[in-house]
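Structure first, commentary second.
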């Protein structure tokens with residue numbers, strides 16, 4: 001995974017924010033996923049920006065954290081979404 005990739009949400013995933021946290025439903029597996037506040041911020045940044053480099057830049061404006069730490073956290077989060085069939089990652 002690298003910063004010049006885009007994240008595409010699966011068509012079968014529905015997301016709804018409830019009390020500041022995102023709830024995801026994958027219609028294929030019928031599994032629910034709950035995101036905490038940070039996960040919700042990442043999800044929203046991906047919805048808005050798509051390209052991982054721009055998502056990282058948006059999150060760096062929101063959080064006081066080292067860029068490399070945030071980049072690793074972002075990649076880990078996206079990999080988990082990908083493993084669960086919620087997103088695809090593609091080169092730009």
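The values are calculated or read from the model by the stated rules, or taken from the named source; none is laboratory data. Note that the structure is predicted; figures quoted are calculated from it, not measured. As a convention, Cβ positions derive from the backbone with ideal geometry for all residues, glycine included, and neighbour counts pool all protein chains shown.
Odds and ends about this structure:
- Inspection of region 24-32 identifies no residue that is at pLDDT below 95, surrounded by 14 or more Cβ atoms within 10 Å (Cβ to Cβ) and part of a loop (DSSP other than H, G, I, E, B).
- Count of residues meeting criterion [farther than 16 Å from residue 77 by Cβ, assigned to a strand (DSSP E or B) and touching a strand residue (DSSP E or B) at 6+ places or on another chain (Cβ under 7 Å)] in region 1-22: 2
- Checked across region 36-57, the condition of being within 12 Å of the chain's Cα centre (by Cα), buried (at least 18 other Cβ atoms within 10 Å of the Cβ) and in a loop (DSSP other than H, G, I, E, B) holds for no residue.
- Here region 1-20 is the region considered, the condition is being in contact with a helix residue (DSSP H, G or I) (Cβ under 9 Å, 6 or more places away or on another chain) and exposed (fewer than 15 other Cβ atoms within 10 Å of the Cβ), and the residue that is farthest from residue 88 (Cα to Cα) is 20.
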